[in-house]
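Encoded as structure tokens, the structure appears first; notes follow it.
Every read-out reported here was derived from the displayed coordinates using simple, explicitly stated rules and does not represent laboratory data. All values reported here derive from a predicted model rather than from experimental measurement. In this analysis, Cβ positions are derived from the backbone assuming ideal geometry, glycine residues included, and neighbour counts consider all displayed protein chains.
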């Protein structure tokens with residue numbers, strides 16, 4: 001952990017604040033007339049994903065935390081846990097479903113994901129999937145004639161079991177590009 005001040009804030013930086021780890025989402029230096037300058041910050045808790053807003057006095061000391069991202073391959077599910085393997089050392093690690101979060105419904109075997117660690121404590125903080133994944137449609141309804149010309153959507157089940165809304169022209173067997181952050185259809189792949 002390194003010491004720093006509010007002038008070191010950068011988007012994406014991880015700090016220790018109130019005995020928890022937070023990622024700086026957004027910050028703004030404010031100097032209102034006769035008042036003391038301060039820094040308005042949006043922070044995302046790395047453990048529970050909640051976003052808070054707070055102020056720091058300009059120049060206040062902060063604890064900067066160094067994090068490490070390790071790209072690992074998802075192997076299989078074992079009960080409620082996910083098993084990942086380091087492709088370099090072949091070490092395997094079990095990660096709870098709660099740690100993987102909502103992105104679990106877009107994770108298929110042999111896909112890569114970034115496991116984010118607190119470098120100082122060697123503690124797993126989160127699992128991040130790639131922003132976009134390509135998944136095959138395994139089940140969907142047939143579009144009604146004429147619905148393909150408008151913005152009508154229908155549910156489609158993907159190979160991982162996730163159900164998303166897709167345009168009417170998507171058929172079974174199509175490969176789709178999906179945004180894992182929002183769980184939305186982007187385009188056919």
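Observations on the structure shown:
- The simple spin-label model puts a point 7 Å past each Cα toward its Cβ; for residue 184 and residue 99 those points are separated by 3.1 nm.
- Taking label positions 7 Å along the Cα-Cβ direction at both residue 151 and residue 11, the computed distance is 2.6 nm, reported to one decimal.
- In plain terms, the residue of 91, 86 with the fewest other Cβ atoms within 10 Å comes first and the most crowded comes last, giving 91, 86.
- Over the chain: helical MRE at 222 nm, DSSP H runs n ≥ 4 each giving -39500 (n - 2.57), nearest 500: -500 deg cm²/dmol
- Residue 131/residue 36 FRET efficiency (R0 41 Å; Cβ-Cβ; nearest 0.05): 0.55
- Taking other C-beta atoms within 10 Å as the exposure proxy, 96, 126 rank 96, 126 from fewest upward.
- Ordered by the count of other Cβ atoms within 10 Å of each Cβ, fewest first, 117, 76 give 76, 117.
- Between the beta carbons of residue 123 and residue 53, assuming R0 = 35 Å, the FRET efficiency works out to 0.85 to the nearest 0.05.
- Residue among 20, 81, 119 with the largest mean-square fluctuation in a Gaussian network model of the chain, springs linking Cα atoms under 10 Å: 20
- For region 42-165, a/c is not less than 1.5, where a ≥ b ≥ c are the root eigenvalues of the C-alpha gyration tensor, and a/b does not top b/c. That puts it in the oblate class.
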